[in-house]
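Bear in mind these aren't lab numbers, they're just calculated from the coordinates by the rules spelled out. In this text the structure is predicted, and so the values were computed from the model without any measurement. For neighbour counting, all protein chains shown are included, and Cβ atoms are generated from backbone atoms with ideal geometry for every residue, glycine included.
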Amino acid sequence: MVTRTFDRAPSTAPLMLKAVLPAIPVIGGLPGVKHAKGTVPDIVLERKGVETDPKHLETYNEVCGFPRGDHLPTPYPHMAAFGLHMSLMTDTAFPFAPMGLVHLRNTIRQHRRIGVAETLDVSVHAADLRPFPKGSLVDVITEVSVRGELVWEEVMTLFSRHKGGSAETSPAPLAGVEAPDGVVHWKLGGDLGRRYGSVSGDRNPIHLYPLTAKAFGFPSNIAHGMWTLARSLSAVQNKLPEAFTVDVEFRKPILLPGTVVFGSRADGKDLVFGVKGAKKPITHLVGQIVAHA
């Protein structure tokens, strides 16, 4: 395994351009642009000594609905890792062109709350390339440590659509789990994708404007899945334990602008939550929180 260390966050603007190139006819097949197939890259990308910018955190909290506090919101370390994610996925050793990927599932394991003033060491690698109906899945794994203590982990499961594929060999984490009904309505503006994209660095064209989203087959721009996850966790912030695992599945994109409904329910010791359409009972996201023993 080769380790690449970054002394600062990779700039996401050139990486977004690099992500688009493989989707362009002819150019996408050129050496240095075309992605390899069949294996995950044998590399780890890392940053050490990552400090939280209070202004950035404040903006993130505002966009995602978190209150101010002494600890980072559970999804916030994803922000520190995003540049590494993009560097990994735009590497031609990564098995799929990033613009064709669908963020299908996400798992975060919070081993303990992370203080705002704590310094983070972040590492990212890919794993578990496997078949899936009509394509393949691959995991992008992030680990965050504080002074050698593993405090936070994330698994982003990405779907690449292509010919072939087969059924998964193991059940999905949320197989059979349905989003509960709710009464809390969120009215989402057409600029939500741009607002979250500005704070996260994820300026994928499908999130920005109707015109740029239509170029990739969407009728309008769509909300980021990680925003929907973050907004959901902010809605149950007072119910979150010190240490827990949250699994989510992104089932249908949220078109912007629009209104969605959030709901949650206790399921024994677990908490199940979800986001549905306000006009049609379409499930956009379903999630489950399990406290660690």
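Quick notes on this structure:
- Extension gain (nm, one decimal) between Asp42 and Arg8, 0.36 nm per residue minus Cα-Cα: 10.1 nm
- Free of any GluC sites (Glu not before Pro) that DSSP assigns to a loop and that have at most 12 other C-beta atoms within 10 Å, the longest stretch within the chain is 52-177.
- For segment 99-204, the set of trypsin sites (Lys or Arg not before Pro) satisfying both a DSSP loop assignment and a count of at most 13 other C-beta atoms within 10 Å is given as Lys134, Arg147, Lys163.
- Most mobile of Ala127, Ala179, Ala167 in a GNM of the chain (Cα contacts under 10 Å): Ala167
- For Lys239, the lysines whose Cα comes closer than 24 Å to its Cα, not counting residues fewer than 8 places off in the same chain, are Lys187, Lys269, Lys276.
- Tensor-based shape of segment 156-210 (alpha-carbon gyration tensor, a/c under 1.5 rounded, otherwise prolate or oblate): oblate
- Alpha-carbon centroids, segment 113-181 and segment 34-61: separation in whole Å: 14
- Residue-count net charge about Gly182 - beta-carbon cut-off 10 Å; Lys, Arg +1, Asp, Glu -1: +1
- Coarse-grained scattering of the chain at q = 0.08, 0.09, 0.11 Å⁻¹, given as base-10 log I(q)/I(0) from a Debye sum over alpha-carbon atoms: -0.33, -0.42, -0.65
- Modelled label reach - Lys34, point 7 Å along Cα→Cβ, segment 70-102 residues with backbone N closer than 18 Å: 90-100
- Residues in segment 10-15 carry Karplus couplings, in order, of x, 5, 7, 4, x, 5 Hz; the curve used is 6.51 cos²θ - 1.76 cosθ + 1.60 with θ = phi - 60°, and Gly or Pro positions show x.
- Each of Tyr209, Tyr196, Tyr76 was scored by other Cβ atoms within 10 Å of its Cβ. Listed from fewest to most, they are Tyr209, Tyr76, Tyr196.
- Rounded to 0.05, the FRET efficiency of the Val26 and Ser198 pair, given R0 = 35 Å and the Cβ-Cβ distance, is 0.65.
- The separation of segment 64-110 from segment 1-28, counted between C-alpha centres, amounts to 15 Å.
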